[in-house]
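The values are calculated or read from the model by the stated rules, or taken from the named source; none is laboratory data. Only a predicted model underlies this, so the values are computations on that prediction, with no experimental measurement involved. Neighbour counts are summed over all protein chains in view; Cβ atoms, including those assigned to glycine, are modelled from backbone coordinates with ideal geometry.
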Amino acid sequence: MRIKRFLPSLAFILAVLALILIIKYQLPIKNFLLFNFEKAKIHCENFFFQASSRPERRRPVSLLVKETELKLYVGEPFKDFSDEEWEKFWGLIYEGYPREAPEKEGLPYRFRQLTHEEIAAELMELYPLEFSFFQDEHWQIFFGILFGK
């Protein structure tokens, strides 16, 4: 019975103490919350990267025509590509990759699609014999096949 009368006073004292702590530490709390909201936002953006309107390039339903043109006009290494190699190649073209360092320490990397220069560098690294001889005009033809430009 005595405890019931004491509970409202205890709750009031704890509420005042919590309020004092919140006021005293409001800036660190605010920074902590803002940082974690930004972190959660980046994770959500990365999760929904392909479904969002952000990607500049969207993967078409069928890539058969482009694969045929690459085999015909570029030749090696595309002539002997397996299904897994095509998936890896198209992933390089259409998927998102974490490239730039985060704005703040502790934040995750943002996903983005690779630029033409980054795609060229990755292809030269993966297939040095075939792509190391490419000149600017070869890359223009290659990206024209891929993106229709």
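With respect to I119, determine if the residue is within 17 Å of the chain's Cα centre (by Cα) and touching a residue at least 40 places away in the same chain (Cβ under 8 Å).
no
Could you list, in sequence order, all residues of the range 117-149 that are surrounded by 12 or more Cβ atoms within 10 Å (Cβ to Cβ) and assigned to a loop (DSSP other than H, G, I, E, B)?
Y127, F134
Inside the range 17-39, can you point out the residues that are within 17 Å of G106 (Cβ to Cβ) and either in contact with a Leu (Cβ under 6 Å, 6 or more places away or on another chain) or surrounded by 11 or more Cβ atoms within 10 Å (Cβ to Cβ) (or both)?
I29, F32, F35, N36, E38, K39
What about L14, is it of a type outside the set (K, R), out of contact with any Gly (no Cβ under 6 Å at 6 or more places or on another chain), assigned to a helix (DSSP H, G or I) and at pLDDT 90 or above?
The answer is no for L14.
Does the range 87-116 hold any residues that are among the acidic types (D, E) and either assigned to a helix (DSSP H, G or I) or touching a residue at least 24 places away in the same chain (Cβ under 8 Å) (or both), and which are they?
Across the range 87-116, the qualifying residues are E87, E95.
One residue is enough: does the range 92-99 have a residue meeting the conditions exposed (fewer than 12 other Cβ atoms within 10 Å of the Cβ) and out of contact with any Ser or Thr (no Cβ under 8 Å at 6 or more places or on another chain)?
No; the residues of the range 92-99 include none that is exposed (fewer than 12 other Cβ atoms within 10 Å of the Cβ) and out of contact with any Ser or Thr (no Cβ under 8 Å at 6 or more places or on another chain).
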